[in-house]
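Okay, structure first, notes after.
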Amino acid sequence: MRRLGWMLALAACTPTDNMMTTASPMSTTSSTTDDGGTGIQTVTGHPTSNTDSNITADPTDTGVTSQGPTSEPTTSTTEPVGECGNGVQEGAEECDDGNDNDLDSCTSLCRPPACGDGIIHEGEDCDDGNDISTDSCTELCLLPVCGDGWAQAGEDCDDGNDSEVDGCLSGCVAAACGDGQIWDGVEVCDDGFNDNAYNGCAPGCEDIGPHCGDGEVYKVDINKPKGFEYCDGEAPYTGVGCTDKCVYDFSQVPQMFCAGSCSWGGASGCDKADADVYCKLKTGNPASTSTSFTLAAPTDAGGFPCSNLAVPIELAGVDPRIDLGPLNDYGVSKTVYYQVTKIKTSHGGNASATIVGSTLKCSP
């Protein structure tokens, strides 16, 4: 009787086998048995964590669980990557001729030949695979040379031109004072010496040395015209001009005294030899000779006085003759004298003592 009451109490607390059971949040790892059709199920085992959201209770089978649907297998639709050298242009290939010859129209990298690909092609001197133009191969795949516009080792500069008046000379050497080339806009002159010689360049190339036109008479060596000036700018004496080459201009000298031993041409008295000397001085041409001339008495104007210093000439107590020295570049090797005024007063003389400059004809 006691046993029967216990069983009835248990049956009242246990759902029947035709009732649905639902999974609790905590699933178990278990086994289930049915006790002889009484509807009483005995569960053995222990609870476990359930982290799979796809696990649900099977409504048709009490205590039996099932797994929900799973994702379908993934298939690829991407074409296989092309292989360079298989003869078929695929993917990122620009060409594919099926060989590994780098010197034809398609390289082994499946790209057309180009400067910078590291392969020396026809028309290229070199190809180092970079775009650096100051190493052994320029970005144009040419060997470096002076004048290519890039300064390589051993070059001071390289401006890509052959101008000799800018900051970089044609030999790829930087312009500098003393190189003999005038740097346009920077140097005033450059004679390669810069020693301040006549018609040369002063040190520093900032100014030219002594020269015709600077207003200073420069005399170094009478036998070297480059280093000698007779005059510079203003007329050196009354009646004598100064040419733009800084030599005397005797073209306006009105007379030459040549009577007796005062001859300029050698023999005593005035003759063609004296007239020839007069023509050389008046024209400045050492090859000039006289074609005609007229003799007359001296005037008190200036002119070429007696050339013989043994003949005393005096004016106001002094000898008025100016020693100009030999004028070899005029073709006159003897000492030339000039007198500013009063030839007649200081010399006296007869009607044939002078050659008249206005009637002198010279050739050439």
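The values are calculated or read from the model by the stated rules, or taken from the named source; none is laboratory data. If you're wondering where the values come from, they're calculated on a predicted model, not measured in any experiment. Glycine also receives a Cβ, built like all others from the backbone with ideal geometry; neighbour counts cover every protein chain displayed. What goes into the accessible areas is simple: the full protein's heavy atoms, side chains included, and nothing from ligands, DNA or RNA. Shrake-Rupley method; radii C 1.70, N 1.55, O 1.52, S 1.80 Å.
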Report summary line: Of the listed residues (358, 346), the one being farther than 19 Å from residue 289 by Cβ, among the small types (Gly, Ala, Ser) and part of a helix (DSSP H, G or I) is 346
Query - Matching residues in segment 105-138 - criterion: being open to solvent by 50 Å² or more (accessible area, probe 1.4 Å), under 25 Å from the mean Cα position of the chain (by Cα) and either at pLDDT 90 or above or at positive phi (or both) - result: 125, 130
Query raised in the report: Scanning for something of a type in the set (A, V, I, L, M, F, W, C), modelled with pLDDT under 95 and either buried (at least 17 other Cβ atoms within 10 Å of the Cβ) or within 16 Å of residue 342 (Cβ to Cβ) (or both), does segment 277-287 turn up at least one residue?
Result: no
Report summary line: Going through (1) open to solvent by 70 Å² or more (accessible area, probe 1.4 Å); (2) over 30 Å from residue 202 (Cα atoms); (3) in contact with an Asp or Glu (Cβ under 8 Å, 6 or more places away or on another chain) one by one, residue 141 fails only at (1)
**Report entry** segment 314-334 residues that are on the phi > 0 side of the Ramachandran plot, paired with ones that are loosely packed, with under 15 Cβ neighbours inside 10 Å and not basic (Lys, Arg) (beta carbon under 9 Å, 6 or more apart)
**Finding:** 325/222; 325/335; 331/286; 331/287
Query - Evaluation of residue 128 against (1) closer than 28 Å to residue 187 by Cα; (2) of a type in the set (Asp, Glu); (3) out of contact with any strand residue (DSSP E or B) (no Cβ under 8 Å at 6 or more places or on another chain) (one fails), failing number - result: (1)
Query raised in the report: How many of the residues in segment 251-296 are closer than 22 Å to residue 319 by Cβ and out of contact with any Phe, Trp or Tyr (no Cβ under 6 Å at 6 or more places or on another chain)?
Result: 13
Query raised in the report: Restricting to segment 232-254, what's the tally of residues that are open to solvent by less than 10 Å² (accessible area, probe 1.4 Å) and either within 19 Å of residue 353 (Cα to Cα) or among the hydroxyl-bearing types (Ser, Thr, Tyr) (or both)?
Result: 1
Query raised in the report: Between a first residue in segment 293-313 that is over 21 Å from residue 266 (Cβ atoms) and open to solvent by 60 Å² or more (accessible area, probe 1.4 Å) and a second residue that is part of a loop (DSSP other than H, G, I, E, B) and not hydrophobic (A, V, I, L, M, F, W, C), which pairs have beta carbons less than 7 Å apart while being 6 or more apart in sequence or on different chains?
Result: 300/341; 300/342
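Residue-wise test of (1) touching a Ser or Thr at 6+ places or on another chain (Cβ under 9 Å); (2) modelled with pLDDT under 90; (3) on the phi < 0 side of the Ramachandran plot.
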position: 143; (1), (2), (3): yes, no, yes
position: 150; (1), (2), (3): yes, no, yes
position: 166; (1), (2), (3): no, no, yes
position: 180; (1), (2), (3): no, no, no
position: 194; (1), (2), (3): no, no, no
Query raised in the report: Given the residues 184, 221, 214, 162, which is the only one that is touching a helix residue (DSSP H, G or I) at 6+ places or on another chain (Cβ under 9 Å), part of a loop (DSSP other than H, G, I, E, B), surrounded by fewer than 16 Cβ atoms within 10 Å (Cβ to Cβ) and not polar (S, T, N, Q)?
Result: 221
Report summary line: Apart from one, (1) touching a strand residue (DSSP E or B) at 6+ places or on another chain (Cβ under 8 Å); (2) open to solvent by less than 40 Å² (accessible area, probe 1.4 Å) all hold for residue 348; the odd one out is (1)
Report summary line: Those residues of segment 262-297 which are closer than 18 Å to residue 330 by Cβ, of a type in the set (Ser, Thr, Tyr) and not in a loop (DSSP other than H, G, I, E, B) amount to 278, 283, 289, 290
